Structures are given as structure tokens and as C-alpha cells.
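Colleague: Please read through the structure below; I'll follow up with questions.
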Amino acid sequence: MPPVIDTRQALDFERPIVELENRIAELKSLGGPQLEIEIRRLERKARQLQREVFSELSAWQKVLLSRHPLRPFTLDYVGRLCEDWIELHGDRAFRDDESIVGGVARFRGRPVMILGHQKGRGTKENMRRNFGMTRPEGYRKALRLMKMASRLGLPILTFIDTPGAYPGIDAEERGQAEAIAKNLEVMSRLPVPIIATVIGEGGSGGALALGVADRILMLEYSVYSVISPEGCASILWKDQKKVETAAREMKMTAPDLLELGVADALVPEPAGGAHRDPEAAADAVGEAIARELSALSSLSPEARVEARYQKFRRMGSFLESGPGA
Amino acid sequence: MAAWWSKQRKKMKPEVAAKTKRSVPSGLFQKCDECGATVPSEQVKEALWCCPQCGHHFVMPTAERIKITVDEGSFVEADVNIQPEDPLEFRDSKRYADRLRSAQKQVGVADAFREGRATLGGRPVSIGFFVFEFMGGSMGSVVGEKITRLFERALADRVPAIILNASGGARMQEGILSLMQMAKTTAALARLKEAGLPYVSVLLHPTTGGVAASFAMLGDVIVAEPKALIGFAGPRVIEQTIRQKLPEGFQRSEFLLQHGMVDAIVSRHDMKDTLSRLVSLLGPEKQRARA
């Protein structure tokens, strides 16, 4: 059985399942052989209900899952996938932005550089981590560490989980646009393998700033989009209530991105989502990263950079008739 | 060329950055957004779409922009056969396919970017212009492809690259593919820079969102027209986030110069000369020797 979840932290469409599970846990705690049959019946029911709900999730429901407060964040994966993790702080220019974490660690025996957006658990940590919304100094910390990794020959593993770059006065003053742009430019030329995994929310430019990679992996219920559904609804529909439509129209779920040729692979999540079994989710992520890393390691640095160039070069959809230039 | 210019003057309706829209002079008189003067449109046009009273820079038609930027008659447009598609079959209040068709009809171009070869002070460049009149200059697959080709051509020809940016950002109607154009174009730019070739980015009003957060802010030299709105997040989004009014002049060219984000503010009247001199100073060795 998955861990018992506080119903207050459950999403609307999770609640009937969670309530059923909590009821089961209650019965189990009472014990007694006469309850066995009832427990087994309820367990079957819970599993069936979960299958039903999760087999037809809407794009918006997947957005909600990708933002689930209990969802594993970057450091949860780092803790499960790596040894010898040493976090490295700061951009050496302004300050340490805790909405991005970075550091060195050992992944399956191999030293790697890890970078990821980091959301907080609870209000206090979220304030400190600015809800995973990064300012220029955060992108510049990532840039510093990526350059270092490149110089020392460490593969780079990034974890993407951000609502987007922080839209604030200070961020603009310090060059938010330039900071993101610089990361795209530099990442596109780094000779070391880069694997990006979208573990939650892939929010626009702030996500892409860690996303110019040789491989882009997406968790089954992660999303990745040019703008948040809220932003899209407000600009195109001029109606905040159209978020569900916007989420659907933008084709932002993992299967959508696989089909559009942006994501390379989808990492299946445990039944009910990564937060129901973080251990299993981390195992699946680890397997997927290891597979890609071994494939990428067999290429020469030149071949990798060229393949990365061609990967993004192909993205887009247009028609061309007759001779070009 | 003249035909599409007269057509697009009738109506300009940018899809993005609606709030930051500056009107193109139309009719006999034009009211200046800056000083409030009512001035004859003919005079505005003669002053390169600037207010004859206060010098305020209006958004100007792209076709005219091309003419005043490069050596006369030197612009040879490339990739004119690239047409946008509707990869997501996107529909808001209107279908994206219909929005594209009506923008094409109104503006007379296939999408929001025009690029090709030209000369500046006699020196060859690979140059491109955002067409802000076309869906707010938003960047989808066509714009991204053209910018990529502009950089690739600069690399192949070993000439400087120049882009005149005016865009609300990525085009939402092409979803993630629009976001990926940021990576695609910037990767092409990175190769150009690695090859020792210069790139000059010109920021016009407005340059925001995904265009700002990619090649627009990556110029070896970045120049901006006066009072252009330049930034990552739009002012409205920031105001909603921080729940307060933004200070006067925030995210304008002068603000960016002060914060070290652009190299210089250059008036429209001096732009061609400035670009020519930059090309001559920064361009490949053999050109410099010839100059």
C-alpha cells in the first residue's frame, strides 16, 4: 500500500482514493480476522478507482500533479540517486539563489555535476526557495557550475522543476533575460554529456535555462510549456477560468512533448504519481539517466556537441516550398 | 513592397504585449504618446517615424525600417518560401490557422521575421528584422528557423550578423516548439561567436520574453533605440506578482543602459551609421584591412 496521505494535501481527484486508503489503514489498525475480507474488498476498490482516475487524466490534472506539494523535488532525487553529494553555493557575484541547487556527487560510481530547481516543503522553505522561481544569480550559479563541470569533464545532470523565472523588479534590474540567454548559449557548446530530466513543472524560459541538453527526459506526469496555463489563459482568452482549456491546447504533457519531438523519453511513474512512491520514482529516473549517460559517453565530445546542435536544429514545424535562399 | 506597406498601415493589432503597443502614424495627424503634441503624419514620416516635436520614436513599418538600415537597394531577402504551420491545431477564441491567415493578409508577409544578405557601408552582413506588425513579432517555428539560418549564413559567408529585435516573445500558439526556438537560435549564434564573428543586436520597442531571453540579449554589442521597453517579464506580469506600481522608466532602454545591460542608446537617425561603423570595426580581418 502507498503511504497514508493527509487528505488536506490530496488533489480533488485524488481525494476519493486517499479517503478509501485511509479507511483501509484504519481498519487494519483495528485488526481482527473478521475485517480481512472487508479490507481486501476495499483495497481492490481503491486500486480500481486509482486506475480509473489515472487512466483518463486531463492535461490540467497532470499540471496539478506536476505541482503536487508532496511530489519529490530535486534534492529528494539527489538523496536517493547519488552518494557523496556536496552542495556548492553562489554565483560569485551577487548571492546564493536557493531556488536552484547545484553540486557534485557520485552517480552509480561516476562523479557528476548536478543542478536542479528546488521548491520548498511548506511555507517557510518555499519563501527561502522562492517557490522554485529563479533570479539571475541562480542561473549564473548554474552557469558557473556547468562551466566548471565542463572543464573537469563531469557529466551534467539537471532536474527541471520551476513555475518559471521570477518576474520581479530586482530580477529585471540584474538582467533576467541575459542570464537565461547566456545559459542557453553556453549549454549548447559544452563538450560534456548533459541530461535534463523534467521532474515536475517545466515552466518556460526558466526551465529551458537548465534544459539545453543531449537528452530530455520527462516524468510521466511532468509538464513543460512555453507559458503557464494561467498566463496563457489570461493573455489569449483574457479569462483566468480557461486554464484547463489552455493546458489542453498547449500540448504540454509528457506524451505530447514526446510526440512533438522535444522529449526523448518518458519515465513512467508509480501508480498514482511519483509522490505515492518516491523510492520507485527515483529508481525509474536513475535507470533512465544511467541508460542515456552510458549511450552519450560512447560519443566523442565533438560528436556530442554536433548531435546536440542537430537535435535542437530540427525542432519546429513549418512548410517550405520551392528553392530557399 | 509598397503595396503591403499601405495595407498594413490600416490596422495593427499585435497579439502579444498589447499594453506596450505604440501606434504607427495613420491618418493626416498623429498624436505623440510622449509629449502629447498633435503633429502632421507627413512630418512624422519624414522624421523616420519620430515625433518632430520631442523626437519620440514611434514603432515604424518594417519595410521602411529595412530601407533606412542597410545600403540602398542592397537587401536581398532569403527564405521567403517558409510558411508557418499550425502544429498543435491550436484554438483560443479563434483558430491559430485563421489568425495566421488574417495576419498574412493584413501585413503581407508569411510570418514575423525577414532576413537576408545586405551591405552596410559597403560591407556584407547577414541581417534580419522582426516584423512587429505580424502577431506582435512573436517567435514561433518560422521565426526561429529564419534566425537560425541568418546565423548559419553569417558563419558560411564569414560576415557579421545583425538582428533588429521587436517582439513580445515566444508565440504561445505553437507551444513548446516556440520555447525551443530560443535554444535552436541561440545554439546557432554560439557557433557563430565561436568562429570569431561578431553579432550586433539592436533592441527596438518592445523586446521582451523569449526573444529577450535568447539571442536579443546576447549581442557582442547591444544597442537600443531610445525608450524601448526591454525585459524578460512584461510590466503587467511584474505588477501582478509584486502587487505594486512599477517605477517610471522601468525596463526602458535608459534603465538598461544604467544597469549595464546594453552598450549604447542610439537614435533611429544614427542607427545606420552606428551599425556601419560597428561592422567595419568588428568584422573579419580582411574587411578591416580593406577599410
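Colleague: Spot the failing condition for B:Ile127; the list is (1) under 17 Å from B:Lys272 (Cβ atoms); (2) in the same structural domain as B:Glu145 (by TED's automatic domain parsing); (3) over 19 Å from the mean Cα position of the chain (by Cα), and only one is missed.
Modeller: (3)
Colleague: Which of the residues spanning segment B:78-128 are assigned to a strand (DSSP E or B) and open to solvent by 20 Å² or more (accessible area, probe 1.4 Å)?
Modeller: Start the filter on segment B:78-128 by keeping residues that are assigned to a strand (DSSP E or B), which leaves B:78, B:82-84, B:91, B:95, B:113-120, B:123-128.
Passing the criteria: B:Gln83, B:Arg91, B:Arg95, B:Arg117, B:Thr119, B:Arg123, B:Pro124.
Colleague: Within segment A:296-306, how many residues are open to solvent by less than 50 Å² (accessible area, probe 1.4 Å) and in contact (Cβ under 8 Å) with a residue 40 or more places away in the chain?
Modeller: 4
Colleague: Quick one: is A:Val243 more than 8 Å from every other protein chain (Cβ to nearest Cβ) and either touching a residue at least 24 places away in the same chain (Cβ under 8 Å) or under 15 Å from A:Ser204 (Cα atoms) (or both)?
Modeller: Numbers: more than 8 Å from every other protein chain (Cβ to nearest Cβ): yes; either touching a residue at least 24 places away in the same chain (Cβ under 8 Å) or under 15 Å from A:Ser204 (Cα atoms) (or both): yes.
For A:Val243, the condition - more than 8 Å from every other protein chain (Cβ to nearest Cβ) and either touching a residue at least 24 places away in the same chain (Cβ under 8 Å) or under 15 Å from A:Ser204 (Cα atoms) (or both) - is met.
Colleague: Would you confirm whether or not segment B:202-209 contains a residue that is within 9 Å of chain A (Cβ to nearest Cβ) and surrounded by fewer than 24 Cβ atoms within 10 Å (Cβ to Cβ)?
Modeller: No, because not a single residue in segment B:202-209 is within 9 Å of chain A (Cβ to nearest Cβ) and surrounded by fewer than 24 Cβ atoms within 10 Å (Cβ to Cβ).
Colleague: Here is a follow-up. Would you point out which residue out of A:Ala93, A:Ala149 is over 21 Å from the mean Cα position of the chain (by Cα), under 20 Å from A:Gln176 (Cβ atoms) and of a type in the set (Gly, Ala, Ser)?
Modeller: Numbers: A:Ala149 fails: under 20 Å from A:Gln176 (Cβ atoms).
Testing whether each residue is over 21 Å from the mean Cα position of the chain (by Cα), under 20 Å from A:Gln176 (Cβ atoms) and of a type in the set (Gly, Ala, Ser) leaves just A:Ala93.
Colleague: Which residues, counting only those in segment A:166-176, are open to solvent by 10 Å² or more (accessible area, probe 1.4 Å) and facing another protein chain (nearest Cβ under 7 Å)?
Modeller: Initially, segment A:166-176 is screened for residues open to solvent by 10 Å² or more (accessible area, probe 1.4 Å), giving A:166-167, A:169-170, A:172-174.
Hits for segment A:166-176 are A:Pro167, A:Ile169, A:Glu172, A:Glu173.
Colleague: Is it the case, given these coordinates, that A:Leu217 is among the hydrophobic types (A, V, I, L, M, F, W, C), in the same structural domain as A:Arg110 (by TED's automatic domain parsing), open to solvent by 10 Å² or more (accessible area, probe 1.4 Å) and at pLDDT 95 or above? So that I can check it myself, show each step before the final result.
Modeller: Working: among the hydrophobic types (A, V, I, L, M, F, W, C): yes; in the same structural domain as A:Arg110 (by TED's automatic domain parsing): yes; open to solvent by 10 Å² or more (accessible area, probe 1.4 Å): no; at pLDDT 95 or above: yes.
Judged against the criteria, A:Leu217 is not a match.
Colleague: Now, a different point. For A:Pro167, state whether it is more than 19 Å from the chain's Cα centre (by Cα), free of Cβ contacts under 8 Å to residues at least 40 places away in the same chain and closer than 21 Å to B:Gly209 by Cα.
Modeller: On the way: more than 19 Å from the chain's Cα centre (by Cα): yes; free of Cβ contacts under 8 Å to residues at least 40 places away in the same chain: yes; closer than 21 Å to B:Gly209 by Cα: yes.
Considered against the rule, which asks whether it is more than 19 Å from the chain's Cα centre (by Cα), free of Cβ contacts under 8 Å to residues at least 40 places away in the same chain and closer than 21 Å to B:Gly209 by Cα, A:Pro167 comes out as yes.
Colleague: Could we say that B:Ala233 is in a loop (DSSP other than H, G, I, E, B) and buried (at least 22 other Cβ atoms within 10 Å of the Cβ) here?
Modeller: Considered against the rule, which asks whether it is in a loop (DSSP other than H, G, I, E, B) and buried (at least 22 other Cβ atoms within 10 Å of the Cβ), B:Ala233 comes out as yes.
Colleague: Then there's this: Only one residue in B:Phe58, B:Phe75 is buried (at least 17 other Cβ atoms within 10 Å of the Cβ) and within 14 Å of chain A (Cβ to nearest Cβ), so which one is that?
Modeller: Working: B:Phe58 fails: within 14 Å of chain A (Cβ to nearest Cβ).
Testing whether each residue is buried (at least 17 other Cβ atoms within 10 Å of the Cβ) and within 14 Å of chain A (Cβ to nearest Cβ) leaves just B:Phe75.
The values are calculated or read from the model by the stated rules, or taken from the named source; none is laboratory data. Since the structure is predicted, the reported quantities are computational estimates derived from the model, not experimental observations. For neighbour counting, all protein chains shown are included, and Cβ atoms are generated from backbone atoms with ideal geometry for every residue, glycine included. Surface areas here come from the heavy atoms of the whole protein model, side chains and all, with no ligands, DNA or RNA. Shrake-Rupley method; radii C 1.70, N 1.55, O 1.52, S 1.80 Å.
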